[in-house]
1. In whole percent, what relative contact order does the stretch 1-124 give with Cα contacts below 8 Å and a gap of six or more residues?
2. Which of Gly99, Tyr50, Val69 sits closest to the plus end of the dipole of the stretch 34-118, meaning its Cα is farthest towards the positive end, when Lys and Arg get +1 and Asp and Glu get -1 on the C-beta?
3. If the limit is 29 Å between Cα atoms, which of Lys25/Lys216; Lys25/Lys55; Lys219/Lys243; Lys44/Lys216; Lys49/Lys260 go over it?
4. Give me the dipole magnitude in Debye, nearest 20, for the chain about the Cα centre, with unit charges on the beta carbon: positive for Lys and Arg, negative for Asp and Glu.
5. Suppose every K and R has +1 on its Cβ and every D and E has -1 on its Cβ; what is the size of the dipole of the stretch 5-160 about the Cα centre, in Debye to the nearest 20?
6. Using label points projected 7 Å from each Cα along Cα→Cβ, tell me how many nm separate Lys37 and Val228, to one decimal.
7. Tell me which residues come under 5 Å, amide H to amide H, from Ile53 once H is placed; ignore anything under 5 positions away on its chain.
8. Starting from the amide H of Ala114, placed 1.01 Å from N in the peptide plane, find each other amide H under 5 Å away whose residue is 5 or more places distant or on another chain.
Amino acid sequence: MKPSILFVGAGRMAEAIISGLQNKKHDQIKDIFVTNKSNPTRLKELESKYGVIPKNQLIDRITQVDIIVLAMPPKDHEEVLKNIYPYITNQLIITIAAGIGPEHLEKRLPKETAVGWIMPNTAAEVGQSISLYAYGHFITDTHKQQMELIVNSIGASQYCSEEEIHKLTAITGSSPAFLYQFVESLISMTEELGMTKDVAQKLVTEMVIGSAEMLKTGKLPSDLREQVTTPGGATAEGLKVLKMGNFEQLIKNAVIATNKKAKG
């Protein structure tokens, strides 16, 4: 039986998942409903783009759907979980919010509610997320199929324990920001070398894309680095500067700081 899905929230990640479902899994789902109390115009936009069914009231379809995706910020979860509590029977409840794991959901929903947690990243918008996911204690095989239907609509995925997701969110979720910061710095330097902003962005962007494709061949990053680096050459000199600046430790410190903040 094809599941019906209710999205609570209509932000960019909700849209990314909706788009992925419609593009890759449309023949495996029945209906997609979306509610977003603060922006009715946004619901109309998603209806026009993806054919979803907008709902102004959260409780309008809760009892008639199979999956509820909580696609809103962590701070909004308490109120929403309290509001939906009386209407939960056998639905699968999934959150995509940082720091809100299955244990958190189970404590705030009726006993033996099936819950799951998906941690995607922004590449979900182009179907290239690497998403982490975990289950609660009351998941059936049907629920697992439903979970995988959603998580695999936006890219690759990896099943983890709840604790592993807490630790790895900085790696898969936040690290794209670290990469973009690195790219920004290279673009800025390229401009200083006399290139226009457009040319600088093109050069650096294509370099990153090509490098990522090399990684996808399965070769180790260390091997790829050595291929570019002639002993005693120009690249080696640049790498020496990064090492002197504690580049590797800075990255580790950034991950530690991100995880610490995510835990509150």
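1. Details: 209 pairs, mean separation 30.7, N = 124.
In percent, rounded to a whole number, it is 25.
2. Of the candidates, Tyr50 comes out farthest on the positive side.
3. Numbers: Lys25/Lys216 25 Å; Lys25/Lys55 22 Å; Lys219/Lys243 22 Å; Lys44/Lys216 39 Å; Lys49/Lys260 38 Å.
From Lys25/Lys216; Lys25/Lys55; Lys219/Lys243; Lys44/Lys216; Lys49/Lys260, over 29 Å: Lys44/Lys216; Lys49/Lys260.
4. Details: 29 positive and 29 negative charges, 83 e Å.
Computed about the Cα centre, the dipole is about 400 debye.
5. Values: 16 positive and 16 negative charges, 49 e Å.
So the dipole magnitude of the stretch 5-160 works out to roughly 240 debye.
6. According to this spin-label approximation, the distance is 4.9 nm.
7. For Ile53, the qualifying residues are Ile32, Phe33, Val34.
8. Long-range HN contacts for Ala114: Ile93.
Every number here is computed from the coordinates shown, using simple stated rules; none is lab data. Predicted, not measured: the structure shown is a model, and the values here were computed from it. All Cβ positions, even for glycine, are placed from backbone atoms using ideal geometry, and neighbour counts span all protein chains on display.
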